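*Asks:* Questions regarding the structure given below will be posed in turn.
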Amino acid sequence: MKTIIDKSNRFPCLVSAFFLIAISLARAEPVTILNETFEGAPAIEWQHEWGKFANCTERAHGGKQSLQCTVENQYGMSVHYVDVPVKPGATYTLSAWVFIPQQDKDCFPQLQLCKNKWTPVAHASPSTHDEWEELRCEWTNTENLKTIRIALHNSPWREGLEGAMYFWDDVSMSEVEGSPAKSGATEEHSAMPERMDAKLAGSGAPVAASLATRGTNPDVLTGLEVKPAGGMKVTVTAGKAHVLGREVDVPETTLEIAPPTIMQITDEAAKLTDEVPESFHKGTALQHCVGFGATLPCLEPSSIVIKEKPGQGGLIYEQGKDWRADQTWGRVGRIPEGRIKAGQTVYIDYRTRPLRVDTIGISPAGKISVNQGDSQKVCPTISPADYGSLALCHIFLDYGCQEITEKAVYPIGEPFPQPDAAVLNDQRALVAKTRAKLEQGKDVTIVAWGDSVTAGGDASRQELRFCEAFAHALRFKYPQARIKLINAGRGGWNSSRSLPLFEDDVLKYKPDLVTMEFVNDMGLPEQTLRKNWFEAIDRVRAIGGESIIVTPHFVLPMWMNFTGIEAVETRPNVEALRKIAGEKKVAVADASKRWEHLAIEGVPYLVHLRNGINHPDDFGHALFTEELMRLF
């Protein structure tokens, strides 16, 4: 593989290998900054994940070789990519030639520019087989990003495509300089295709802490505020409350909250990968940091010790010289130049920190006490108050909690309010045809279109997945109707990847109703979001079907841009979905509002993420079901 920069220059380092020094800042002519011909030995560090790749002489567009990508079976993926530096305000045009041979298993190559690893900002897809076709996409760096990812890969993902292949050649990229954006737009977290699922993100600005996002206990008459009192202590101010129907006086009380339990892991045997540890999916996982399909941010930082043999004797390897780690996500890897050999078993000591939710209660005699919850890596059970006592407040101990702050205090407030009757009737009118068929006892076909949450992640049983629970609830309410559910959810997909298969996954079933849920769309540009959802809604409507937009649940706080106490919904694409529903006159099952309200109810939403990152537990799935059933 040979990279030609500006047709003549070749530099030793990656950055200079891509980018030429502009002759003039005022220059408006495009400058070729990349021309990859896949000829000869590699000159740049392309990365590859999933599937296989190889330089191939079977066919080529320009020279004698091309890049052959062969997809793997589980996801139908083969990804060739590289990150390159970009300039604020500059416009980039990426082009590549692709060849898809006629074969038993089809594939869906796509040329992409992605920010923050895997959030697409521009893409192009082929339309022909058995001939070379040029793909071209353009992007302007209005967000002042520092890097962009060039990705040659199969999209959307689909199972069972092992062995399908396609070919890339003559990848080029040009740059036209421009003016940096005036607003300091922040980079989003990505919606990257990962082995367990896609990351999720909101693109709003960080939200500052605000006590307005907490509730007020309806049984409190006066006082009884729960305030941090330093260290692991809280003070409950004096006041009055209704307990068992009686008005009870409560004196001011200071409580000591037990510190979180620390678990020491010793001599965990592991063989370290050479992969650079990153986030919850790359590197060797520390097993006691693994939740459901991914590691969790439960590692106590700087607690890792990697040894040659178990016990206290023997060589202790050095971080930065022999091994490296993502201390947030509990992932480690060997440094090839270090003393840990490839395939060698090492022994690891480290400490983990769980989650916990305690409950402060008031007895009928006015005594305040705290009941300690159980400690778990994910989804800790919220401890109840003593029998006959009033549950006043929850105290949430996040990973590594060393001090009780306002962020940890969750007064138990009012339940989620019932929607306005007029608004609800208007929403129900948008699924009138489906409602009528149910009421008349007719056949009704429902397709659930979405990502891994629609597919069921991480409900404990199939019948508790929100789609299946929705269908079951409809069967219970309309026992004469014959309801057929097709679950078209695919883990790691977003609407961009799913639309090319919309006919196969959705329309061929001639659905009466399609539910649409894509938490993975939160990282898409709004223009792309609108285009995708408008198209999907229009195609369902064209065959006489009705649609329901399902807004997404909350995900990992850092991806919600929360900086303190959980606040209102931060992701602009959630509001964009509501606007799409209004413009297209389709119903909304607003699950996002339910998750937003949990803090007011006294529930830290993080305890309902089954994998600790982006998949709801059974309770979370039930919130989706409840919002869908409001329409019926």
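*Asks:* List the lysines whose alpha-carbon lies under 29 Å from that of residue 240, not counting same-chain residues fewer than 8 positions away?
*Replies:* The reachable lysines, counting only those whose Cα sits under 29 Å from residue 240, are 227, 367, 407.
*Asks:* Still on this structure, I have one more. Are there GluC sites (Glu not before Pro) in the range 321-424 that DSSP puts in a loop and that have at most 16 other Cβ atoms within 10 Å, and which ones?
*Replies:* For GluC sites (Glu not before Pro) across the range 321-424 that sit outside H, G, I, E and B with at most 16 neighbouring Cβ atoms in 10 Å, the list reads 337, 403.
*Asks:* If you take every DSSP beta bridge fully contained in the chain, what fraction is antiparallel? Give it as a percent rounded to 5.
*Replies:* Given both bridge residues lie in the chain, the antiparallel proportion sits at roughly 85 percent.
*Asks:* Taking H placed 1.01 Å from N in the peptide plane, check which residues at least 5 places from residue 166 or on another chain put their amide H under 5 Å from its amide H.
*Replies:* Here the answer is 69, since their amide H atoms fall under 5 Å of that of residue 166.
*Asks:* A further question follows. Before I look further, what does the chain give for accessible area per residue, probe 1.4 Å, in whole square angstrom?
*Replies:* For the chain, the solvent-accessible area averages 42 Å² per residue.
*Asks:* Quick check on the range 529-632: take the gyration tensor over C-alpha atoms, sort the square-rooted eigenvalues as a ≥ b ≥ c, and tell me if it's rounded (a/c under 1.5), prolate or oblate.
*Replies:* Since a/c reaches 1.5 and a/b is larger than b/c, the shape of the range 529-632 is classed as prolate.
*Asks:* Sticking to Cα atoms, compute the Rg of the range 298-377 to one decimal and its Dmax as the biggest Cα-Cα distance, whole number, in Å.
*Replies:* For the range 298-377, the Cα-based Rg and Dmax read 20.2, 67 Å.
*Asks:* While we're looking at this one, here's another question. Quick check: from the Cα gyration tensor, does the range 343-483 come out rounded (a/c under 1.5), prolate or oblate?
*Replies:* Here the range 343-483 falls in the oblate category.
*Asks:* For 414, 601, what's the largest-to-smallest order of accessible area, 1.4 Å probe?
*Replies:* 414, 601
*Asks:* Provide 334, 482, 324 ordered by accessible surface of protein heavy atoms (probe 1.4 Å), highest first.
*Replies:* So the residues, ranked largest to smallest area, are 482, 324, 334.
*Asks:* Which percent of the accessible heavy-atom area of the range 201-320 goes to carbon and sulfur, probe 1.4 angstrom?
*Replies:* Exposed carbon and sulfur together represent 53 percent of the surface.
*Asks:* Leaving out ligands, DNA and RNA, what percent of the accessible area of the range 421-553 is carbon and sulfur, probe 1.4 Å?
*Replies:* Looking at the range 421-553 in its full context, I get 50 percent from C and S.
*Asks:* State the label only: which of (i) 27.4, 88; (ii) 25.9, 77; (iii) 45.8, 171 corresponds to Rg and Dmax of the Cα atoms in Å computed from the shown model?
*Replies:* (i)
*Asks:* Please work out the C-alpha center-to-center distance from the range 232-289 to the range 383-446 and express it in whole Å.
*Replies:* 24
*Asks:* Moving on to the next point. Suppose every Lys and Arg Cβ carries +1 and every Asp and Glu Cβ carries -1, with no other charges. What dipole size does the chain come out with about its Cα centre, to the nearest 20 debye?
*Replies:* In total the dipole reaches around 420 debye.
*Asks:* Which lysines does residue 307 reach when only Cα atoms under 23 Å apart count, and residues fewer than 8 places away in its own chain are ignored?
*Replies:* Within the straight-line cut-off, residue 307 pairs with 271, 282, 321, 341.
*Asks:* In what order, largest first, do 292, 476, 466 sit by accessible area if the probe radius is 1.4 Å?
*Replies:* 476, 292, 466
*Asks:* On the full set of protein chains, 1.4 Å probe, figure out the accessible area of residue 538 and give it in Å² to the nearest 10.
*Replies:* Counting only protein heavy atoms, residue 538 exposes about 70 Å² to solvent.
The values are calculated or read from the model by the stated rules, or taken from the named source; none is laboratory data. Only a predicted model underlies this, so the values are computations on that prediction, with no experimental measurement involved. A quick note on method: Cβ atoms are made from the backbone with ideal geometry, for glycine too, and the neighbour counts reach across all protein chains shown. These accessible areas exclude ligands, DNA and RNA; they are computed on the full protein's heavy atoms, side chains included. Shrake-Rupley method; radii C 1.70, N 1.55, O 1.52, S 1.80 Å.
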